[in-house]
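To keep things clear, I will list the structure first and then write my remarks on it.
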Amino acid sequence: MKARALRVSIVAAALAACSHGPTMTTQERLALYREHAGAPVTSFRLDRATGMQQWTPLGDQALALWSSANRGHLIELRQRCPSMLSAGGVSITNSLGNVTRMDSVVPRTAGGVRNACRIDTIRPLDGRALRDAKREIRDAQLIDRATVPADDGASQP
């Protein structure tokens, strides 16, 4: 009986996951973050008062580092950083809380592999605009078929 309940739970979870529609590819997500990033900056300060920074992986060569819901930085790396894909967290090298292009992102993996990946560019993110753009993308994917005009093949004037 327990095995049947487990199978039902797995099927229900799979169906729920599929009901959210298509997801963005890694390249599409990175492009969206780039659209909402400002001009490159030479450095930024880590906010040590809030403790741990939140991060969003954007493939194996970029990540967003968030100090608040609306304030973050798009960090692109000089080379691919394969351990980023399996990292449970990251550490950022810095000098007294100041992060520059001379610093590195160090993915923390379960296997203990700690490869430092050098920063190439740092760009401030507009978190509010990024959230709004994501919401618009989600809303655009939900279209009721009855509201879409039928294409009768006739050309428009």
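Listing for the model above:
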{"quantity": "Sorted by Cβ neighbour density within 10 Å, fewest at the top, the residues D47, D126, D60", "calculated": "D47, D126, D60"}
{"quantity": "Long-range HN-HN contacts of C81 with modeled amide H, under 5 Å", "calculated": "Q61"}
{"quantity": "R80/D47 FRET efficiency (R0 22 Å; Cβ-Cβ; nearest 0.05)", "calculated": "0.20"}
{"quantity": "Under 5 Å, built H, 5+ apart or other chain: amide partners of L58", "calculated": "L63, A64"}
{"quantity": "Stokes-Einstein D in µm²/s, Kirkwood radius over Cα pairs - segment 81-125 at 25 °C with 0.890 mPa s viscosity", "calculated": "221"}
{"quantity": "Spin-label pair A116/R34, simplified geometry with 7 Å Cα→Cβ offset, distance in nm", "calculated": "2.7"}
{"quantity": "Built amide H within the under 5 Å cut-off of V90, gap 5+", "calculated": "R108"}
{"quantity": "Added length on full extension, which subtracts the Cα-Cα distance from 0.36 nm per residue, E136 to A69", "calculated": "22.3 nm"}
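Values quoted throughout were computed directly from the atomic coordinates according to the rules given, and no laboratory measurement underlies them. In this text the structure is predicted, and so the values were computed from the model without any measurement. Note: ideal-geometry Cβ built from the backbone for every residue, glycine included; neighbour counts use all protein chains shown.
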